[in-house]
Ligand code: 1CP
């Protein structure tokens, strides 16, 4: 059972814990040799749906780095696969859909699938194994936000500017809202499966929201993201890259307990925009992971100093761990944050 006073959960509740919590987005995965070894011969989505494998991959970075949370090893497109949508994760590229969802008829077809029909038993089994193994350490569940999922689904695969999804909002708002509403329901079912099996918090990833104009974010996206996470039984972290121009909206009217900030906006500035009833998460620049240690150490200390402007701070990167990262550097950052954070609390 996770400790209800675990530093991550205290920070999410708005209390500054004695030890500053830290975890890394994409901490499981290709930066770890033990992950690469375990994945040989198994396709990504098959690995996600094999409970003991997904559980072991989730636990690897927790054992290695001593982070304050596990993040469930899965992918944002897993619930779509469970809904029967044909999708593969192509190595070196990302999610690719056999049939992109572009026309009103495509939207009609996909949204006819009942989100309550998803068989989430493999997810629940994996989460139960992880939670039992983690002991005091909390597990963070996650899902993709409707816009980031739509960015892949409408395009058919990864894209730079997500033009087709953004165009649909304006060319056929009815279809857009139907699709985004359905994606919100699918992600919510995925989150609820992880929560019912023991996840202590969840993160909604709207990684590509930064490609939106603020008024489009407000009008076409935020209501659907809110629907995905509103009134869940655990605290919600809401993350996106490049969301500075509409950061306050990322609070989702109080549905988010914490907002993740990328490396572009200093955390004290973010805290001013976000106010005092939300925790900040972030925002070590992933580019600095390859810098000489004294440079990186100075940067991490600066991130922690600026994070003191918020009601509470969860240290993380501004985006995911790059695959070529030296895992020892991540362990060293964890030790630094724990040491520096507890000195501060004790002083
Ligand atoms: O073979 C492999 O190792 C594939 C690489 C990989 C991994 C390890 C993919 C393909 N997904 C994942 C796991 C994953 N995906 C996790 C769990 C592990 C962890 O965080 O430790 C999570 C939270 C995700 C979520 C995810 N998938 C996001 C949001 C997070 C983010 O980084 O912004 C996104 C955008 C995806 C899509 C996706 N899946 C995989 C890739 C390479 C991508 C991105 C493709 C692109 O650039 O558009």
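Values in this text are rule-based calculations from the coordinates and carry no lab data. Worth saying up front: this structure is predicted, and the values here are computed from it rather than measured. All Cβ positions, even for glycine, are placed from backbone atoms using ideal geometry, and neighbour counts span all protein chains on display.
If you scan the stretch 155-173, which residues turn out to be more than 14 Å from residue 219 (Cβ to Cβ), in contact (Cβ under 8 Å) with a residue 60 or more places away in the chain and more than 16 Å from the ligand (Cβ to nearest atom)?
Residue satisfying the conditions is 172 alone.
Check the stretch 186-206 and report whether any residue there is buried (at least 22 other Cβ atoms within 10 Å of the Cβ) and over 18 Å from the mean Cα position of the chain (by Cα).
No, because not a single residue in the stretch 186-206 is buried (at least 22 other Cβ atoms within 10 Å of the Cβ) and over 18 Å from the mean Cα position of the chain (by Cα).
Can you tell me which residue among 258, 340, 248 is farther than 24 Å from residue 61 by Cα and either out of contact with any strand residue (DSSP E or B) (no Cβ under 6 Å at 6 or more places or on another chain) or touching a residue at least 12 places away in the same chain (Cβ under 8 Å) (or both)?
Answer to the check: 248.
So that you can scan it fast, the table gives a plain yes or no per residue for (1) over 17 Å from residue 148 (Cβ atoms); (2) touching a helix residue (DSSP H, G or I) at 6+ places or on another chain (Cβ under 6 Å):
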{"site": "223", "(1), (2)": "no, no"}
{"site": "228", "(1), (2)": "no, yes"}
{"site": "242", "(1), (2)": "no, yes"}
{"site": "248", "(1), (2)": "yes, yes"}
{"site": "268", "(1), (2)": "yes, yes"}
{"site": "272", "(1), (2)": "yes, no"}
{"site": "280", "(1), (2)": "yes, yes"}
{"site": "311", "(1), (2)": "yes, no"}
{"site": "321", "(1), (2)": "yes, no"}
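Restrict the check to the stretch 267-275 and report whether at least one residue is crowded, with 16+ Cβ neighbours inside 10 Å, in a strand (DSSP E or B) and under 22 Å from the mean Cα position of the chain (by Cα).
no
Residues that are buried (at least 22 other Cβ atoms within 10 Å of the Cβ) and near the ligand (Cβ under 8 Å from one of its atoms): which helices (runs of 4 or more DSSP H) entirely in the stretch 1-98 hold 1 or more of them?
Passing ranges, in order: 44-48, 51-65.
Which of the residues spanning the stretch 132-165 are out of contact with any strand residue (DSSP E or B) (no Cβ under 8 Å at 6 or more places or on another chain) and buried (at least 22 other Cβ atoms within 10 Å of the Cβ)?
If the condition is that a residue be out of contact with any strand residue (DSSP E or B) (no Cβ under 8 Å at 6 or more places or on another chain) and buried (at least 22 other Cβ atoms within 10 Å of the Cβ), then 146, 147, 149, 150, 151, 154, 165 are the ones that fit.
Could you list all residues from the stretch 99-123 that are closer than 27 Å to residue 199 by Cβ and within 16 Å of the ligand (Cβ to nearest atom)?
If the condition is that a residue be closer than 27 Å to residue 199 by Cβ and within 16 Å of the ligand (Cβ to nearest atom), then 122, 123 are the ones that fit.
Anything in the stretch 99-123 that is more than 22 Å from the chain's Cα centre (by Cα), over 19 Å from residue 152 (Cα atoms) and part of a helix (DSSP H, G or I)? List them, or say none.
Scanning the stretch 99-123 gives 116, 117.
Have a look at 126, 150, 184, 180 and point out the one that is under 13 Å from residue 221 (Cβ atoms), in contact (Cβ under 8 Å) with a residue 24 or more places away in the chain, assigned to a helix (DSSP H, G or I) and within 14 Å of the ligand (Cβ to nearest atom).
150
Do we find a residue being in contact with a strand residue (DSSP E or B) (Cβ under 6 Å, 6 or more places away or on another chain), within 17 Å of residue 75 (Cβ to Cβ) and part of a loop (DSSP other than H, G, I, E, B) anywhere in the stretch 200-208?
Checked against the condition, which is being in contact with a strand residue (DSSP E or B) (Cβ under 6 Å, 6 or more places away or on another chain), within 17 Å of residue 75 (Cβ to Cβ) and part of a loop (DSSP other than H, G, I, E, B), the stretch 200-208 yields no hits at all.
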